[in-house]
Amino acid sequence: MDVYKTKVGQTTHTKITVTNFERDTLKEAPYYQAGKPGKGSLHFAVCPACENPIQILGLYKKLAHTPDPYAKHYSKSVTYLAEYDHESYEFCPYSNPDRNPDRDGRRTPGSKIAISILNLLINHFDQVIYMIEESTGIKIGNAFAERMLNSYRDHQGHLYKAATLLNIPWIFAYMANAKSITRQRVHNNPALLKALREHLPEAQIDAEGGQKGVLRPKNDKDFLNINVSYIHHTITSPDNVITETMKMVVFTQRKKVNVELYEQVITFDPYHFLALINVSEDRAYRPRKNELVAMAQKILGGKS
């Protein structure tokens, strides 16, 4: 991996360079530790995804196989830094990329990383919803958000083995069963709007005004069947860069048969998410929605 953080519970991470690592650690223990005589120091930090200890290699001396320093998981606890958790390591994307996550795989209840994921989701739930909206182009009203929370709770989404501190918004969506998006608003996704207008003649989608982008039946007395599902969570590492995706499928049902209207691959953007949750309130360009945080606390609070 080419990123690190310096503390468990920290919600930022940094690219590995000599300048960054010296600045963040000031060459103190436990980040710098004595190695074998004549071999210089050993360098340690924390994995941003699973919070296990990592060892940074090639920080000062270039390695034969790569010009850049990198980190690998360290299979022991590092005192005053991080405890080693094999279960979290085993399913960390940085330890095991290019795999198909097990949709039904769950961590042990009480897992430290699972509790951290749950707490971050609850405390930043309004920002989680915003990230999903930005990724998909589908606005999520409070009632819709509540239905998704119930799905996440029922599926114990925080225990999903491929969930990490970096993919929280998208795994939250992935854990939801298919959900109706009738009367939700489509914004900033012209391809989705075009597909709906072409293939869903029973829908009324206003192009402007207060109802712009809202999906509703042409006759308000009629029922509009339109749903979204998030499927196929994948993890790959082209060029040694971790990439996570899932597929969004929008569909209807005709004569009891599901008919796909639109599909889109959603690429996770953890840097955007981390930047969003770490911005100070005085610099934030959108106000927090405390009612969503309270909703998440009510539905998910106390789970482990």
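The values are calculated or read from the model by the stated rules, or taken from the named source; none is laboratory data. This one's a predicted model, so the numbers in the text were calculated from it and none came from an experiment. Using ideal geometry, Cβ is built from the backbone for each residue, glycine included, and neighbour counts are taken over all protein chains shown. Each accessible area value is taken on the protein alone, full model and side chains, heavy atoms only, with ligands, DNA and RNA left out. Shrake-Rupley method; radii C 1.70, N 1.55, O 1.52, S 1.80 Å.
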*Looking at segment 273-290, which of the residues that are modelled with pLDDT of 90 or more and touching a helix residue (DSSP H, G or I) at 6+ places or on another chain (Cβ under 7 Å) is nearest to H124 (Cα to Cα)?*
I277
*Inspect segment 208-216 for any residue being part of a loop (DSSP other than H, G, I, E, B), modelled with pLDDT of 85 or more, open to solvent by less than 70 Å² (accessible area, probe 1.4 Å) and among the small types (G, A, S) and give the result as yes or no.*
yes
*asked:* Just the residues that are assigned to a loop (DSSP other than H, G, I, E, B) and surrounded by fewer than 19 Cβ atoms within 10 Å (Cβ to Cβ), please, taken from segment 88-99.
replied: S95, N96, P97, D98
*Is it the case that L200 is out of contact with any helix residue (DSSP H, G or I) (no Cβ under 9 Å at 6 or more places or on another chain), under 24 Å from D269 (Cα atoms) and modelled with pLDDT of 90 or more?*
no
_Subset tally (residues that are open to solvent by 30 Å² or more (accessible area, probe 1.4 Å), in a loop (DSSP other than H, G, I, E, B) and in contact (Cβ under 8 Å) with a residue 24 or more places away in the chain) for segment 186-207_ = 2
*asked:* Going by what's in this entry, would T164 be described as open to solvent by less than 40 Å² (accessible area, probe 1.4 Å), assigned to a loop (DSSP other than H, G, I, E, B), at pLDDT below 95 and β-branched (V, I, T)?
replied: yes
*Output yes when any residue across segment 168-176 is over 30 Å from V259 (Cβ atoms) and either free of Cβ contacts under 8 Å to residues at least 40 places away in the same chain or of a type outside the set (G, A, S) (or both), and no when none is.*
yes
*Would you point out which residue out of D102, D85, D126 is in contact (Cβ under 8 Å) with a residue 24 or more places away in the chain and exposed (fewer than 15 other Cβ atoms within 10 Å of the Cβ)?*
D102
_Given the criteria open to solvent by less than 10 Å² (accessible area, probe 1.4 Å) and farther than 21 Å from G301 by Cα, does T182 qualify?_
no
*Taking into account only those residues within segment 105-123 that are open to solvent by less than 30 Å² (accessible area, probe 1.4 Å) and part of a loop (DSSP other than H, G, I, E, B), which is modelled with the lowest pLDDT?*
G105
*Hey, any hits in segment 256-279 for a residue that's without any contact (Cβ under 8 Å) to a residue 24 or more places away in the chain, open to solvent by 30 Å² or more (accessible area, probe 1.4 Å) and farther than 30 Å from N100 by Cα?*
yes
